[in-house]
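Reviewing the structure listed below.
The values are calculated or read from the model by the stated rules, or taken from the named source; none is laboratory data. What you see is a predicted model; the values in this text were computed from it and never measured. Here the Cβ positions follow ideal geometry from the backbone for every residue, glycine too, while neighbour counts run over all protein chains shown. Accessible surface is based on the protein model in full, side chains and every heavy atom, while ligands, DNA and RNA are left aside. Shrake-Rupley method; radii C 1.70, N 1.55, O 1.52, S 1.80 Å.
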Amino acid sequence: MAPRSPAPKISRWRANLAAIPPYVWLLLFFLAPFLIILKISFSEAVIAQPPYSPVLSLSDGVSGLWAAVREFTFANYAFLAEDSLYIRAYLSSLTIAAISTALTLLVGYPIALAMARAPHGWRPLLVALMILPFWTSFLIRVYAWIGILKRDGLLNQVLLWSGLISEPLTILNTNTAVYIGIVYTYLPFMVLPLYAALERQDRALLEAAADLGSPPLLAFWQVTVRLSLPGIVAGCLLVFIPVVGEFVIPNLLGGSSTLMIGQTLWDEFFQNRDWPLASTVAVLLVLVLVVPITLFQRIQSRGGL
Amino acid sequence: MNRFTPFNAVSLTLGFAFLYLPIVLLVIFSFNASQLVTVWGGFSTKWYAALFANKQLLDAARISLLVAFTTACLATVLGTLAAVALTRATRLPGRTLFTAMTYAPLVMPEVITGLSLLLLFVAVGFERGFWTITIAHTTFALCFVAVVVQSRLLSFDRSLEEAAQDLGAPPWRAFVTVTIPTILPAIAAGWLLAFTLSLDDLVIASFTSGPGSTTLPMRIFSSVRLGVSPDINAACTILIAFVTVGVMAATLTAKLRGSTR
């Protein structure tokens, strides 16, 4: 953001001082762990505690560092490239994330639009109602769907009772359940940026388009949708990026055919105890997400959201 | 626009039904007498009684609350400082890095944050337990606090603070007596957000916890994997009630404060 008035030099200095504690904290607990994960992704797995080698020891100084660098191995990366399971997991995560982002947008847009066009007095309540589920546990909200989607669950009971189906549907432990879970839990992340973009819009623009002879649907597409584009981009990124690495939803709602990289990393770490391979999976996941994350940061630091 | 159009009314009804129905059903079935989670067998509170006899679950809840409280306090202080730096330290050395580090954890997949922090703790030989979970939670929660407080700071009129300084207040005093009270609602919201984020987290806690520091979501997760059970519904209902009361109290306080001004 651009500084609105040139701040006095003294206060800028103080603001720099305020930056020190969070800066140091983030360097220690966000950046340093990243460098370690990068380093371990080049290590070999051994059966030991901790289960990788070599451990970087800073006490050896520069020569120790160099010795560690020389022991770097690309074996983990080569392994990931050779085993099609991992490539398929990355591709399938990206596909699932893309489809569910699109679905969330389709479900979220009419809701955000209706919120933005609601009578003025209603809007704060509607926003609060949209935010409230976000405060309740993510895990609980995913769990709630198990009871609904099960074979003898509520959805099947209602559908059977109404006569729409004669056989219970298998929804739980399929990708359909994963999509439902993602749309459900990430809906507020999509709706709120959309609402922020739509609420700012001047309704007179739509009227002007109508006066100039534009049919309502075309005017909606050319004016409303186009002007809400920043909200669409922000919402989509807020859904897409975390969903690519999602673990809880595919684990609880997905089935054996649901392949997602967050789950693969989890299994590599907790079941196979192959920490270097898990680190390699994580490094590649970050690489996959670098472009969307950078885009998100651009929007965010312009004061977005 | 002073009225709902039919289309908008339908969108809102369906949208909010979709958002709330699963939670409502979960709450209803926590009062179900039947062991079968989806068959109604009459009203009962026996699952709540069973819950309070479950020592493992209570221990986990205690740890979770303690971690969430400590996290919220740490993250609020660090996050507010970060927000001040983001809005005012325009010439901070390494500002791009700082900004990137503040925003990245917002969207970073939890498996990566969890794994990378665990590897750090192992590399420096830090024993895993209460503090490792708290540090990990503080790291991502502080970024959410920073965003919430930053948006409030951006709309804050700097001339108020300058006026206080013109009247002779030293800069820190002007900040404490003028700026802080104005952004207090945002700071409080940040604290609450950090608290619930920490209370809710499963993935990062699973990576960074040690023996004897199992959190509530970890307990719930391990029993959910074995299937849906009514006592988990009861535990979830209590958590939901907790959060709802908290959010409503916060909203009301904000309203009251707003109306007395």
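Pairing each residue of the range A:224-243 that is within 11 Å of A:Ile293 (Cα to Cα) with any residue that is charged (D, E, K, R), provided the two are 6+ apart or on different chains, yields C-beta distances under 9 Å for A:Pro242/B:Glu110. Residues that are at pLDDT below 80 and within 11 Å of chain A (Cβ to nearest Cβ) were ranked within the range B:19-44; the one that is nearest to the chain's Cα centre (by Cα) is B:Val37.
So which residues in the range A:118-157 are buried (at least 20 other Cβ atoms within 10 Å of the Cβ) and not in a helix (DSSP H, G or I), if there are any at all? Selection gives A:Ala118, A:Thr136, A:Ser137, A:Lys150, A:Gly153. A single entry from B:Arg257, B:Arg219 fulfils the requirement of being modelled with pLDDT of 85 or more, open to solvent by 60 Å² or more (accessible area, probe 1.4 Å) and assigned to a helix (DSSP H, G or I): B:Arg219.
Here B:Ala33, B:Ala17 are screened, and the one residue that is of a type in the set (A, V, I, L, M, F, W, C) and open to solvent by less than 40 Å² (accessible area, probe 1.4 Å) is B:Ala33.
In the range A:18-46, the residue that is farthest from A:Leu285 (Cα to Cα) out of those that are open to solvent by 40 Å² or more (accessible area, probe 1.4 Å) and modelled with pLDDT under 85 is A:Val46.
Where helices (runs of 4 or more DSSP H) fall entirely within the range B:43-124, those with at least 1 residues that are open to solvent by 20 Å² or more (accessible area, probe 1.4 Å) and under 28 Å from A:Trp275 (Cβ atoms) are at B:55-88, B:95-107, B:110-123.
Within the range A:158-178, can one find any residue that is open to solvent by 10 Å² or more (accessible area, probe 1.4 Å), in a helix (DSSP H, G or I), of a type in the set (Val, Ile, Thr) and at pLDDT 90 or above? The answer is yes, given that some residue of the range A:158-178 is open to solvent by 10 Å² or more (accessible area, probe 1.4 Å), in a helix (DSSP H, G or I), of a type in the set (Val, Ile, Thr) and at pLDDT 90 or above.
Could you list, ordered by first residue, the pairs with Cβ atoms under 6 Å in which the first is in the range B:225-251 and facing another protein chain (nearest Cβ under 8 Å) and the second is assigned to a helix (DSSP H, G or I) and open to solvent by 30 Å² or more (accessible area, probe 1.4 Å), at least 6 apart or interchain? Pairs that qualify, where the first residue is facing another protein chain (nearest Cβ under 8 Å) and the partner is assigned to a helix (DSSP H, G or I) and open to solvent by 30 Å² or more (accessible area, probe 1.4 Å), are B:Ile232/B:Ser223; B:Val243/A:Trp135; B:Val247/A:Trp135.
Scanning the range B:45-67 for residues that are more than 19 Å from B:Ala241 (Cβ to Cβ) and among the charged types (D, E, K, R), we see that the one that is modelled with the lowest pLDDT is B:Lys55. Determine whether the range A:183-193 contains at least one residue that is farther than 30 Å from A:Ala116 by Cβ and modelled with pLDDT of 85 or more. No, the range A:183-193 contains no residue that is farther than 30 Å from A:Ala116 by Cβ and modelled with pLDDT of 85 or more.
Selection of the range B:205-216 for residues being in contact with a Phe, Trp or Tyr (Cβ under 7 Å, 6 or more places away or on another chain) and part of a helix (DSSP H, G or I) yields only B:Thr208. In the range B:128-162, the qualifying residues are those that are open to solvent by 10 Å² or more (accessible area, probe 1.4 Å) and β-branched (Val, Ile, Thr), and the one that is farthest from the other protein chains (Cβ to nearest Cβ) is B:Val148.
For the range A:74-95, give me the residue count where each residue is in a helix (DSSP H, G or I) and either open to solvent by 50 Å² or more (accessible area, probe 1.4 Å) or farther than 22 Å from A:Glu246 by Cβ (or both). So the answer is 14.
Being over 16 Å from B:Leu25 (Cβ atoms) and more than 12 Å from every other protein chain (Cβ to nearest Cβ) is the filter here, so list the residues in the range A:161-176 that pass it. A:Ser162, A:Gly163, A:Leu164, A:Ile165, A:Ser166, A:Glu167, A:Leu169, A:Thr170, A:Asn173, A:Thr174, A:Asn175, A:Thr176, listed by residue number.
Of all residues in the range B:174-206, which are of a type in the set (Gly, Ala, Ser) and out of contact with any Asp or Glu (no Cβ under 7 Å at 6 or more places or on another chain)? Correct list: B:Ala186, B:Ala188, B:Ala189, B:Gly190, B:Ala194, B:Ser198, B:Ala205, B:Ser206. If we keep just the residues of the range A:211-228 that are part of a helix (DSSP H, G or I) and in contact with a helix residue (DSSP H, G or I) (Cβ under 6 Å, 6 or more places away or on another chain), which is nearest to A:Gly108 (Cα to Cα)? Out of the qualifying residues, it is A:Val223. Can you find a residue that is modelled with pLDDT of 90 or more and open to solvent by 20 Å² or more (accessible area, probe 1.4 Å) anywhere in the range A:208-224? Among the residues of the range A:208-224, not one is modelled with pLDDT of 90 or more and open to solvent by 20 Å² or more (accessible area, probe 1.4 Å), which makes the answer no. Of the numbered conditions (1) over 23 Å from the mean Cα position of the chain (by Cα); (2) of a type in the set (D, E, K, R); (3) over 24 Å from A:Asp152 (Cα atoms), B:Asp59 fails exactly one; give the number of that condition. Status for B:Asp59: all satisfied but (1).
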